[in-house]
Amino acid sequence: MIIFWYILITHLLTCVTLAPLFQKAGVDRWKAYVPGLNFIEWCKIIGKPTWEAAYLLLPIVNIFTYAGMKVDLVRSFGKYKFWHTALAVLFNPAIFWWLRNDEYTGPTLEKEQAYANSIAEAEQKGMKAKTEQLIRDNPYQKGQLREWGEAIFFAVFAASFIRMFLIEAYVIPTSSMEGSLLVGDFLFVSKAHYGIRMPMTLFQLPLLHNRIPYIDKESYLSKPQLSYTRLPALESVARNTPVVFNYPDGDSVLIRPERTYNYGDMRRMGAELSNVELTVRPIDKKDHYIKRCVAVAGDTLEIRNRQIHINSQPSPNPKGMQFRYRIAGSVSSDKLSELGVNLQDGNNGIYHMTPAQAATVNAFGGNVKVDFETESLSQSRGGVLFPHDTAHYKTWTLDNFGPIYVPKQGASTTLTPENVAMYRSVIEKYEHNKLEIKDGKIFINGKESTNYTFKQNYYWMMGDNRHNSEDSRYWGFVPEDHIVGKPLFIWFSTKNANIANGIRWERLFSGATKM
């Protein structure tokens with residue numbers, strides 16, 4: 001709703017500030033207020049064919065067409081400097097209001113073309129002195145520095161727009177998705193497939209997500225913030241597809257050179273936090289994660305002996321799914337490398353491998369033996385596993401987890417002291433309610449409640465490297481307003497995220513959503 005009012009008010013202000021400029025150009029003021037007609041008249045004022053106003057109806061194209069029309073309008077009022085161009089792109093309708101006392105000098109595009117024709121005619125007639133004078137006095141001439149400046153300005157503008165609304169490049173930094181997506185894979189991610197999420201953070205440095213390199217500061221102003229708005233989606237988030245999203249637990253973080261730690265995990269693990277300086281981030285500036293969506297809103301998920309079940313049915317497993325295995329005996333690193341085992345994951349004989357890789361190593365014979373490495377209980381891990389309630393969920397492990405219902409917008413669930421931990425983060429953190437438990441009773445916003453109706457959809461995300469992935473089993477549900485986009489394909493890939501180690505040529509331009 002805020003986005004709607006912002007667009008409406010900006011449009012009305014633009015019309016109000018255009019009206020005096022229309023009058024200066026000999027066009028009736030009222031035409032500035034008529035949608036469609038105002039842009040046709042605008043084209044006439046700057047010297048464009050009127051049919052080019054139709055470009056404003058084309059998504060994406062309209063952004064650049066509109067920017068060009070603003071630049072040509074200020075030039076039609078005699079403003080040719082670089083800073084005039086920048087203000088026209090970035091700060092209308094303010095620039096139009098500033099121009100209201102200036103005189104209209106004619107359609108800039110026609111004037112520029114006429115001047116160029118004059119230079120060409122003088123040159124053709126061999127009038128060297130006049131040609132040189134025309135070039136020297138050319139008010140439309142741009143110096144080399146300005147040409148570069150405008151090129152860089154518009155390149156940054158275009159790249160920022162594309163990155164913000166359409167496609168962004170990501171790199172896989174950790175092994176949580178191996179062996180489907182590898183460390184060093186570079187992906188293009190579509191932000192349109194699941195619906196373009198409109199920016200919530202208004203003021204930010206272009207082409208940076210949340211941190212400025214070298215000076216190690218946040219790259220945005222956390223206020224003001226717009227409310228969450230998403231445009232219609234091309235498709236819904238589907239089970240068993242990789243998804244890029246903002247890390248749900250990443251609103252309050254401790255930033256260290258080696259990694260970023262979230263406040264919740266540090267608190268649960270007993271870290272001293274009294275003198276810790278935390279960075280608080282809005283939704284769209286939380287760190288980006290990529291995992292596989294294994295359950296969508298309305299599903300009931302359960303993991304039994306490492307096998308995911310959705311609505312009581314076994315879920316298909318990714319071909320690259322890995323677990324922890326302990327290798328006893330002597331096996332050369334060359335043999336493991338030939339099998340595609342990530343040697344950097346190896347520690348004290350424990351490797352992350354697919355069941356097929358483990359079976360192959362076990363068949364080497366001799367003194368080689370491969371055993372599955374089990375995970376410890378959440379209770380012995382200090383309540384690290386979601387929902388962080390060892391009193392009621394003490395037997396849950398990474399391999400035996402659930403059942404758990406994934407919230408769906410409009411659906412209701414019964415709340416009890418036994419299950420409230422499951423949905424506490426949804427009710428408090430993501431849907432902004434106050435939840436209290438008094439004398440065994442649950443109160444939401446001061447009112448006793450025995451059930452709760454969810455306001456948005458949620459998803460359950462897991463890494464394909466099942467024993468080496470910080471995913472929903474640790475921090476719970478991913479809200480729909482945290483969804484960023486759908487990976488399209490791998491456009492580049494380096495071994496172990498280091499080009500010095502070589503390029504994985506076979507992965508270039510391969511799909512990123514395959515099972």
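ASN348 to PHE203: FRET efficiency via 1/(1 + (r/R0)^6), r the Cβ-Cβ distance, R0 35 Å, to the nearest 0.05?
That gives a FRET efficiency of 0.15.
I need the peptides 251-263, 277-289 ranked by packing, meaning the mean over residues of other C-beta atoms within 10 angstrom, with the highest value on top.
Details: 251-263: 14.8, 277-289: 17.8.
The packing order, highest mean first, is 277-289, 251-263.
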On a straight-distance basis, which aspartates and glutamates could pair with LYS48 in a cross-link, Cα separation under 13 angstrom, same-chain partners fewer than 8 positions away excluded? ASP72, GLU110, GLU112
Cross-link candidates for LYS438: which aspartates and glutamates have Cα within less than 20 Å, leaving aside residues fewer than 8 places away along the same chain? ASP389, GLU418, GLU428, GLU448
Which one, THR279, SER222, HIS209, projects farthest toward the positive side of the charge dipole computed for region 157-291 from Cβ point charges (K/R +1, D/E -1)? SER222
Using the crude model of +1 on Lys and Arg Cβ and -1 on Asp and Glu Cβ, and no other charge, please compute the dipole size for region 30-83 relative to its Cα centre, in debye to 20. 220
Among the DSSP beta bridges whose two residues both lie in the chain, what percent are antiparallel, rounded to the nearest 5? 100
A chain fully extended from THR105 to THR174 at 0.36 nm per residue, minus the present Cα-Cα distance, gains in nm 18.9 nm
Dipole magnitude (debye, nearest 20) for the chain, charges at Cβ of Lys, Arg, Asp, Glu: 520
Computed FRET efficiency, Cβ-Cβ of ALA116 and SER337, R0 60 Å: what is it to the nearest 0.05? 0.40
Rounded to the nearest 0.05, what FRET efficiency do THR413 and TYR214 have when you use their Cβ-Cβ distance and R0 = 41 Å? 0.30
Normalised by the residues of the chain, what does the relative contact order come to in percent, with Cα pairs under 8 Å and at least six apart? 15
Per the rule of 0.36 nm per residue minus the C-alpha distance, extending PHE372 to ASN400 adds in nm 8.6 nm
Taking the alpha-carbon distance from LYS125 and a cut-off under 23 Å, which lysines remain once sequence neighbours fewer than 8 residues away in the same chain are dropped? LYS111
Dipole check, the chain, charges on Cβ (K,R +1; D,E -1), about Cα centroid: among ILE427, TYR459, LEU90 the Cα furthest to the positive pole belongs to LEU90
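Cβ neighbours within 10 Å, averaged per peptide: list 294-301, 463-470 in order, most packed at the top.
Per-residue mean Cβ counts within 10 Å order the peptides as 463-470, 294-301.
Per DSSP H run of at least 4 residues, take -39500 (n - 2.57); add these up for the chain, divide by its residues and hand me the 222 nm value, nearest 500 deg cm²/dmol.
-8000 deg cm²/dmol
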For region 41-95, averaging the sequence separation of alpha carbon pairs under 8 Å that lie six or more residues apart and dividing by its residue count, the contact order in percent is 28
Quick one: check the C-alpha center-to-center distance for region 442-515 versus region 382-437, whole angstrom. 19
For a label point 7 Å from the Cα of GLU235 along Cα→C-beta, name the residues of region 276-304 whose backbone N is under 17 Å from it. 291-297
Which residues does the label zone of GLU52 cover in region 63-83, counting backbone N under 20 Å from a point 7 Å along Cα→Cβ? 63-82
Subtract the Cα-Cα distance of GLU436 and SER227 from 0.36 nm times their separation in residues, and report this length gain in nm to one decimal. 72.7 nm
Could you pull out the pairs from LYS191/LYS429; LYS31/LYS455; LYS441/LYS486; LYS285/LYS495 whose alpha carbons sit more than 32 Å apart here? LYS31/LYS455; LYS441/LYS486
Relative contact order for region 327-366, counting Cα pairs under 8 Å that sit 6 or more residues apart, in percent: 32
For region 1-104 the GluC sites (Glu not before Pro) that pass both the DSSP coil test and the at-most-10 other-Cβ-within-10 Å test are GLU103
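Throughout, read-outs are computed from the coordinates displayed, never taken from laboratory work. It should be emphasised that the depicted structure is a prediction, and the values quoted were computed from it without experimental measurement. Neighbour counts are summed over all protein chains in view; Cβ atoms, including those assigned to glycine, are modelled from backbone coordinates with ideal geometry.
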